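The values are calculated or read from the model by the stated rules, or taken from the named source; none is laboratory data. Bear in mind the structure is a predicted one, so any value in this text is a computation, not a measurement. Note that each Cβ is placed from the backbone with ideal geometry, even for glycine, and that neighbours are counted across all protein chains shown. For the accessible areas, the whole protein counts, side chains as well, though only heavy atoms, and no ligand, DNA or RNA atoms are used. Shrake-Rupley method; radii C 1.70, N 1.55, O 1.52, S 1.80 Å.
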Amino acid sequence: MFIKLILDELYRVFGANITIYRENVKEGFEEPSFFVPSPTLMSKSELGNKYKTNYSYQIIYFPHADHINDDIEDASMLFNYGFLNLGNYTVHNKNMTQSDNALVFTFDLYGLVIPKEDDIKMESLQDRS
C-alpha cells in the first residue's frame, strides 16, 4: 500500500541512481544500498466497522565500506529531515540506530481503514479443494 510512496521518497531524497532491494539477497547487499522489507501491521477495531491501523516500516541503509560512520551520519540527517510526509501521510516515531555497520531507520504510518461491505472475503481452507 505505502511501498510506492516510500520508494519514491527514497529516490527523491537520496537520488535516482540508488540501489533498493525489496527481497533479501543471499550473496549480500551491494554497498551503498537500501533494503525495504515488508511492514509490521497492527490494527485496532473502532466503533462503526472502522480500524485504526499502524504500519511500522524499516529501511536498512548499507553505507560505503570505506567511510561507514560519515555515510551513516549523512543518511540519518536525510532520513530525519527528508522523510516528513509520504503522500498525505505524516511519518511518525522515527528512529535511527546503527547495527552491524548499517543504519536501521524505523518509522510508523497511521491509517483509518473502513472496509467495504462487498469486499472479497477470505476463503476457508475447505473452500480451496
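For the stretch 70-118, give me each residue that is on the phi > 0 side of the Ramachandran plot, open to solvent by 70 Å² or more (accessible area, probe 1.4 Å) and not in a strand (DSSP E or B).
Asp100, Asn101
Asn17 - would you say it is over 17 Å from the mean Cα position of the chain (by Cα), open to solvent by 40 Å² or more (accessible area, probe 1.4 Å) and not hydroxyl-bearing (Ser, Thr, Tyr)?
So Asn17 fits the description; yes.
Give all pairs with beta carbons closer than 9 Å in which a residue from the stretch 48-67 that is over 14 Å from Phe79 (Cα atoms) and in contact (Cβ under 8 Å) with a residue 60 or more places away in the chain meets a residue that is open to solvent by 30 Å² or more (accessible area, probe 1.4 Å) and hydroxyl-bearing (Ser, Thr, Tyr); count only pairs at least 6 apart in sequence or on separate chains.
Tyr51/Ser43; Tyr51/Ser45; Lys52/Ser43; Lys52/Ser45; Lys52/Tyr110; Thr53/Ser43; Thr53/Tyr110
Pick from the stretch 20-36 the residues that are open to solvent by less than 40 Å² (accessible area, probe 1.4 Å) and out of contact with any strand residue (DSSP E or B) (no Cβ under 6 Å at 6 or more places or on another chain): which of them is nearest to Leu103 (Cα to Cα)?
Taking the candidates together, the pick is Gly28.
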